[in-house]
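Asker: First the structure, which I've put down as structure tokens, then a few questions once you've had a look.
The values are calculated or read from the model by the stated rules, or taken from the named source; none is laboratory data. What you are looking at is a predicted structure, and each value in this text was computed from that prediction instead of being measured. With ideal geometry, Cβ positions are generated from the backbone for all residues, glycine too; neighbour counts draw on all protein chains shown.
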Amino acid sequence: MSVADEAGQALSPAFSDAYATVYQGDCESVLPQLPAESADSIVTDSPYGLTMIDEAKTRAALDQWLSGNDSFVPDGAGFMSNEWDRFVPPPATWRAAARVLKPGGYVLCFAGSRTVDLMMLSLRLAGLHIAGTTEWVYGTGMPKASDVSRTIDRHLGHEGEVVGSRLVDTSIRNQNLHSGSRTAMMVTQDVRSLSALAQPWEGWYPNLKPAHEPVIIAQKPREDGSVDSRKVPPFRYIAKASTSERPAYFDEEGNEVSHNTVKPVAVMKWLVSLVTPVGGTVLDPFVGSGTTCEAATLVGVDSIGIELDAKHIPLVVARMTSKDLWGGSLFDWNMQ
Ligand SMILES: C[S@@+](CC[C@H](N)C(=O)[O-])C[C@H]1O[C@@H](n2cnc3c(N)ncnc32)[C@H](O)[C@@H]1O
């Protein structure tokens, strides 16, 4: 698909093959340049805003959105200090995405279980009809905090006796693009006895971390305002993406580059096929390492992806030209 920027220059895709086209840039600038009503569905894993969103921040965003400044996003940083994750996309972004969607088309949008309220509101304020939610359940909800007993003993300066050992996996990836291989590095660590004060707290983690992520189901109403009512499975259990599903490469400084929020291809195949008709086109304005495009190719539909960060584009290329997909060389692809 050929699109033009504000100055009328054709925007070149950062990657394209027979089925998928990926643009590098801010979706707020790229979306207005895509033809209206050209996508059959939107399936996306957009920024969740996984940061401290208190009452003041929530009120500030809602005040701005409701007073007409609906592209407002509060300052800050989100998941793993990523600036792009500082808040959910504002209504103006969803409105720009909805313009590209055919009337009656569905939006399936992942959200964080603790910020799904804001994501849903933002979609609503963009004029989308909220049909409900389904869930990706993954069953590993490791709390993101220390065991309280260890924290107590660190505070007390209690070292304890060595009472055993455990194996810890510190494996590193080998220097290949689609990182199927790792160098196994299992190290042995001492397990030490706890103080009397710490013992009752062994295994107690203060942060509860749900092992599921909601997927909001929204629909662009047709011209007459009508929407559909379709049955959707309430959840799907799929394990988190394995290492072999997470592309990685080494940049010029020798630093490993990977994406830290990769969704499993199986999850994206499920969602893409749920709402994209055979021969249709799915749009993902926040495509990251390109999982939605890989899933779309695997289920036989066309896809358009947009990704803000240039360093993620080689991950898209690695994924889309991987032997695991179609053999890569079967398709022409090009990188800027
Ligand atoms: C949650 S990640 C998507 C990960 C993807 N599902 C995967 O499996 O690789 C969201 C992505 O959106 C990108 N992003 C954030 N804001 C954006 C924007 N305004 N325009 C385009 N991409 C954006 C980020 O760089 C990030 O890669």
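Asker: Can you pull out every residue in the stretch 22-50 that is over 12 Å from LEU11 (Cβ atoms), modelled with pLDDT of 95 or more and hydroxyl-bearing (Ser, Thr, Tyr)?
Answerer: Listed by number, the residues that qualify are SER38, SER41, THR44, SER46.
Asker: Now for a different question. Might you check whether a residue that is loosely packed, with under 10 Cβ neighbours inside 10 Å and either aromatic (Phe, Trp, Tyr) or at pLDDT 90 or above (or both) occurs anywhere in the stretch 204-222?
Answerer: Checking the stretch 204-222: not a single residue is loosely packed, with under 10 Cβ neighbours inside 10 Å and either aromatic (Phe, Trp, Tyr) or at pLDDT 90 or above (or both).
Asker: Would you please name the residue that is surrounded by the most Cβ atoms within 10 Å (Cβ to Cβ), looking only at residues in the stretch 297-336 that are at pLDDT 95 or above and among the acidic types (Asp, Glu)?
Answerer: GLU307
Asker: Hey, does the stretch 305-315 have a residue that's in the same structural domain as ALA111 (by TED's automatic domain parsing) and away from the ligand (no atom under 12 Å from the Cβ)?
Answerer: Yes, the conditions are met somewhere in the stretch 305-315.
Asker: Scanning for something in the same structural domain as LEU308 (by TED's automatic domain parsing) and in contact with a Leu (Cβ under 6 Å, 6 or more places away or on another chain), does the stretch 116-134 turn up at least one residue?
Answerer: Taking every residue of the stretch 116-134 in turn, none turns out to be in the same structural domain as LEU308 (by TED's automatic domain parsing) and in contact with a Leu (Cβ under 6 Å, 6 or more places away or on another chain).
Asker: Inside the stretch 196-219, can you point out the residues that are in contact (Cβ under 8 Å) with a residue 60 or more places away in the chain and either of a type in the set (Ser, Thr, Tyr) or in a loop (DSSP other than H, G, I, E, B) (or both)?
Answerer: TYR205, PRO206, ASN207, LEU208, LYS209, PRO210, ALA211
Asker: Going by what's in this entry, would VAL227 be described as assigned to a loop (DSSP other than H, G, I, E, B), more than 16 Å from the ligand (Cβ to nearest atom) and surrounded by 12 or more Cβ atoms within 10 Å (Cβ to Cβ)?
Answerer: When the stated conditions are applied, VAL227 passes them.
Asker: Right, here's the next one. Mind checking which residues of the stretch 8-62 are more than 21 Å from ALA218 (Cα to Cα), within 13 Å of the ligand (Cβ to nearest atom) and in a loop (DSSP other than H, G, I, E, B)?
Answerer: Those that are more than 21 Å from ALA218 (Cα to Cα), within 13 Å of the ligand (Cβ to nearest atom) and in a loop (DSSP other than H, G, I, E, B): ALA14, GLY25, ASP26, LEU50.
Asker: Among residues belonging to the stretch 243-265 that are surrounded by fewer than 15 Cβ atoms within 10 Å (Cβ to Cβ) and under 23 Å from SER303 (Cα atoms), point out the one that is modelled with the highest pLDDT.
Answerer: Taking the candidates together, the pick is ASN260.
Asker: Right, something else. Name the residue that is nearest to GLU213 (Cα to Cα), counting only residues in the stretch 257-281 that are more than 11 Å from the chain's Cα centre (by Cα) and within 13 Å of the ligand (Cβ to nearest atom).
Answerer: VAL267
Asker: For ARG246, are the conditions met, namely being in the same structural domain as ILE304 (by TED's automatic domain parsing) and near the ligand (Cβ under 9 Å from one of its atoms)?
Answerer: Yes, satisfied.
Asker: Which residue, of VAL88, VAL107, VAL73, is within 16 Å of the ligand (Cβ to nearest atom) and free of Cβ contacts under 8 Å to residues at least 24 places away in the same chain?
Answerer: Exactly one residue qualifies, and that residue is VAL73.
Asker: Return the pairs, sorted by first residue and then second, in which the second residue is part of a loop (DSSP other than H, G, I, E, B), the first residue lies in the stretch 220-232 and is among the charged types (D, E, K, R), the beta carbons are less than 8 Å apart, and the residues are 6+ apart or on different chains.
Answerer: LYS220/GLY127; LYS220/LEU128
Asker: Name the residue, out of GLY112, GLY49, GLY105, that is over 24 Å from SER289 (Cβ atoms) and buried (at least 17 other Cβ atoms within 10 Å of the Cβ).
Answerer: GLY105
Asker: Kindly evaluate SER12 against the criterion of being closer than 23 Å to THR291 by Cα and surrounded by fewer than 21 Cβ atoms within 10 Å (Cβ to Cβ).
Answerer: Against the criterion (closer than 23 Å to THR291 by Cα and surrounded by fewer than 21 Cβ atoms within 10 Å (Cβ to Cβ)), SER12 qualifies.
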